[in-house]
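What follows is one structure encoded as structure tokens, with my remarks underneath.
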Amino acid sequence: MRHPSRRVPRLALSLLALITLHVASAQTALASTTYGTFGLDVTAIDATVRPGDDFWAYANGAWAKSAHFAGNQEVVGVAVDFNALADARALNLMDRPEFLEAPDSDQRKVAQFYASWMDTVTRERSGLSPLRPLLARIARLKSRADLGAAFGAAEFASPFDIDVAPTASDPNRNEVVVSAGSLGMALSYYLQQGAAFDADRAAYRRYVEQILTLSGVAAPATKAEAIVALEMRMAKAQAQGTSGGDMVVPVPVLPTQLPQVAWLDLLKARDLGGAKELRLQSGASVRALAELVASVPLGTWKDYLAFRLVSDRADYLPAAFATAREDFYDRTLYGLTASRDRASQGVRLVEKAMPEAVSRLYVKRYMDTATTQAIREMFDNVKASYAELIDRAAWMDEPTRQAARAKLAALTACIGGPELKTDFSDLVVAKDDLFGNVIRSERKRAALLAASFSSPPDACARYGFAQGGNDFYVREENRVLIPSGSMIPPFFDPAADPAVNYGAIGVTIGHEIGHGFDVDGAAFDGHGRRVNWWSDASRKAFERMAARVAADYATIEVLPGLHVDGEKTLGEDMADLTGTQAAFMAYRKYQQRHGKAPVLNGTTGEQRFFLALAQMRRTNVREETLRFLVASDTHTPPRQRVNGVVRHIDAWYDAFSVRPGDPLYVPPADRIHLW
């Protein structure tokens, strides 16, 4: 995963973000955290499938035949098991009666926040009373000039997203970044044509009307039509910037360059009044959205703010609101037939509200020094393999090679969990005030973001929470983040065979390093600066290689008539290809140091490496969700992701005797070796 800040749209959900589970399965996960006796589930292998026909099905086919979706699951498989263990660990930090009065402030507030989520009686009794002060603020907006402060408030939705991130020219300094804000659905649902998307848009209009009706708004049908029409215009405005560049605008000239928005009021509302300039990400989109602020009636904007206020927090209001939201998002868009597990949702809510506090508790309870050291060694080994790949890249000239080596040498990793100093003493948490807890935590998150503006960038402190399950690369800091939460089976198990660990978390580490050299990361040097370190010849050769990757993945059919969008998934696919190659080379080096791997259950070390890669993505996805992911996610779906990678790795052919004529066979001259 790439840098998780402003470049990832909020509704462009990754696979892990869609997963739900039952607490019972989570508690079972705590008791059983291994796969087989050496890290692989050999019972999942389907020996009736030839590896060269469909490697994912060979590695996972027996499991897939018996895997069934529960009514509240979009996804079933390893990803669910992984999240079950992660959620079980987090739940054990929250769901204990004695924690409600714990002397430790983090422990007490985390437990009280979780308890407020589970208290449905108080939620029903409170009714709409928690909303009324915020709805009154919206009602008091008298002019478009008042919208600026409203758009900057942490409590309200906005056509503009406000973030703080390292500057491209000087990554040691933060800047304020303005980009397109979130919508009620993913962008593609507004823009794509066809009966299915027409039906989704009609269902969304009915949902908007339902929320307005529940809120007691007059003329809900008319206002719902206007709100959806506004979001359609916002979506088209956002689409204008998909191929446009950023704009840096000094704050003093904003009133003349973009006069439609009261930017100074917006920044003041976010405690960012000290900013001297703004970076408008995809400036054409921001400009088009600003024009909407001026052209759309004030009343429509007020209705939009009220709708989003209620819809975005429907889960914290009486059950009628939560049910309406669930019926549209979970059942209509994602195809679920049962409700999500409430305890699991509570875990995610608390982790979103107080991630630093949960991280500190996680470190105390679960951090294992030996595991952290093992991951550090694996990171160093995979990084060393990248140096070899760079050295042997025949298409790269020597000056560019030296620059690439310098960037790799400067690459660092944040492993485990950082020492986080975030102070929550000023955050009021009450075990019987869910809505208030959520609003106060949103304000706290906004205050922390504003405070970071005047501090040196530190992705490890901002994103490297120990309980996190996603590894990622931060290009502005040239740093890989590997939280403790990702160091669990099937990605890493200290008792597993080394080949399995290299094929799972080793490949993941390689993937994240690879983002430093994909189409986006290649624009940044080893210090995180956006500078061109390429010669013209090497750049053109690299672009030709990238075009081959995009074209290759675009041939992959996910469902009949539905193909991978090779341009959209390009960065992730490039990282997969290079990361797998580097991890396998690192495993080979491991064998040279420790001796040839034994045959286990009839498999060689090389075979176990690739089987681990495939079983790491042992996941089935509902068709509705799969279509959603293809439309919105930047990753190739799990099955196609496995088969798309291995067919370009020479060692896979040798390990499984894949021959010409096999469906996955690619002639050596056509295999893509980026480095």
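Descriptive notes on the structure:
- When residues of the stretch 78-106 are limited to those that are among the small types (Gly, Ala, Ser) and modelled with pLDDT under 90, the one nearest to the chain's Cα centre (by Cα): ALA79
- As for the stretch 625-637, it holds no residue that is assigned by TED's automatic domain parsing to the domain that holds HIS515 and more than 19 Å from the chain's Cα centre (by Cα).
- Contacts under 6 angstrom Cβ, first residue in the stretch 200-227 being touching a residue at least 60 places away in the same chain (Cβ under 8 Å), partner of a type in the set (Ser, Thr, Tyr), 6 or more apart: ASP200/TYR189; ALA203/THR332; ILE211/SER311; ALA226/THR300; ILE227/TYR304
- Filter result (assigned to a loop (DSSP other than H, G, I, E, B) and either over 30 Å from ALA275 (Cβ atoms) or among the β-branched types (Val, Ile, Thr) (or both)) within the stretch 174-185: MET185
- Residues (in contact (Cβ under 8 Å) with a residue 12 or more places away in the chain and out of contact with any Ser or Thr (no Cβ under 7 Å at 6 or more places or on another chain)) located in the stretch 83-97: ASN83, ALA86, ALA88, ARG89, ALA90, LEU91, ASN92, LEU93, MET94, ASP95, ARG96
- Enumeration of residues in the stretch 186-204 that are buried (at least 18 other Cβ atoms within 10 Å of the Cβ), at pLDDT 95 or above and either outside any helix (DSSP H, G or I) or of a type in the set (Asp, Glu) (or both): ASP200
- Filtering ALA145, ALA102 for residues that are of a type in the set (Gly, Ala, Ser), surrounded by fewer than 16 Cβ atoms within 10 Å (Cβ to Cβ) and free of Cβ contacts under 8 Å to residues at least 24 places away in the same chain leaves a single hit, ALA102.
- Candidates THR120, THR48 - the one that is over 26 Å from ASP493 (Cα atoms) and either touching a residue at least 24 places away in the same chain (Cβ under 8 Å) or surrounded by 24 or more Cβ atoms within 10 Å (Cβ to Cβ) (or both): THR120
- Residues (surrounded by fewer than 21 Cβ atoms within 10 Å (Cβ to Cβ) and either closer than 22 Å to LEU264 by Cβ or not assigned by TED's automatic domain parsing to the domain that holds SER169 (or both)) located in the stretch 294-308: ALA294, SER295, VAL296, LEU298, LYS302
Listed here are the residues, each with its yes/no results for (1) in contact with a helix residue (DSSP H, G or I) (Cβ under 6 Å, 6 or more places away or on another chain); (2) assigned to a loop (DSSP other than H, G, I, E, B).
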site: ARG593; (1), (2): no, no
site: LEU613; (1), (2): yes, no
site: LEU629; (1), (2): no, no
site: TYR653; (1), (2): no, no
site: GLY661; (1), (2): no, yes
site: ILE672; (1), (2): yes, yes
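- Of the set (1) surrounded by fewer than 21 Cβ atoms within 10 Å (Cβ to Cβ); (2) over 17 Å from TRP117 (Cα atoms); (3) of a type in the set (Ser, Thr, Tyr), all apply to THR323 but (2).
- Given (1) over 28 Å from ALA79 (Cα atoms); (2) basic (Lys, Arg); (3) crowded, with 20+ Cβ neighbours inside 10 Å, number of the condition ARG475 does not satisfy: (1)
- In the stretch 416-439, the qualifying residues are those that are of a type in the set (Val, Ile, Thr), at pLDDT 95 or above and more than 10 Å from PHE113 (Cβ to Cβ), and the one that is surrounded by the fewest Cβ atoms within 10 Å (Cβ to Cβ) is VAL428.
- For the stretch 617-675, filtering for residues that are out of contact with any His (no Cβ under 9 Å at 6 or more places or on another chain), of a type outside the set (D, E, K, R), under 23 Å from SER385 (Cα atoms) and surrounded by fewer than 18 Cβ atoms within 10 Å (Cβ to Cβ) leaves 3.
- Counting only helices (runs of 4 or more DSSP H) wholly contained in the stretch 465-580, the ones carrying 3 or more residues that are over 22 Å from the mean Cα position of the chain (by Cα) occupy 498-501, 536-554.
- Inclusion of ALA62 among residues that are of a type in the set (Gly, Ala, Ser), assigned by TED's automatic domain parsing to the domain that holds THR619, at pLDDT 95 or above and buried (at least 17 other Cβ atoms within 10 Å of the Cβ) is warranted.
- Residue count for the stretch 65-82, restricted to those that are farther than 22 Å from LEU611 by Cβ and either crowded, with 17+ Cβ neighbours inside 10 Å or free of Cβ contacts under 8 Å to residues at least 60 places away in the same chain (or both): 5.
- Count - residues of the stretch 279-297 that are touching a Leu at 6+ places or on another chain (Cβ under 7 Å) and not in a loop (DSSP other than H, G, I, E, B): 4
- Exactly one residue among ALA496, ALA522, ALA546, ALA537 is touching a residue at least 12 places away in the same chain (Cβ under 8 Å) and surrounded by fewer than 18 Cβ atoms within 10 Å (Cβ to Cβ), and that residue is ALA537.
- For the stretch 344-360, the set of residues classified as buried (at least 20 other Cβ atoms within 10 Å of the Cβ) and in contact with a helix residue (DSSP H, G or I) (Cβ under 8 Å, 6 or more places away or on another chain) consists of SER344, GLY346, VAL347, LEU349, VAL350, GLU351, ALA353, MET354, ALA357, VAL358, ARG360, listed by residue number.
- The helices (runs of 4 or more DSSP H) found wholly in the stretch 205-276 and carrying at least 2 residues that are of a type outside the set (Asp, Glu) and buried (at least 18 other Cβ atoms within 10 Å of the Cβ) occupy 220-239, 263-269.
- Any hit, the stretch 387-398, residues being more than 30 Å from SER129 (Cα to Cα), surrounded by fewer than 18 Cβ atoms within 10 Å (Cβ to Cβ) and touching a strand residue (DSSP E or B) at 6+ places or on another chain (Cβ under 7 Å): no
The values are calculated or read from the model by the stated rules, or taken from the named source; none is laboratory data. Values in this document were obtained by computation on a predicted structure and should not be read as measured data. Cβ sites come from the backbone with ideal geometry, for glycine too, and all protein chains shown count toward neighbours.
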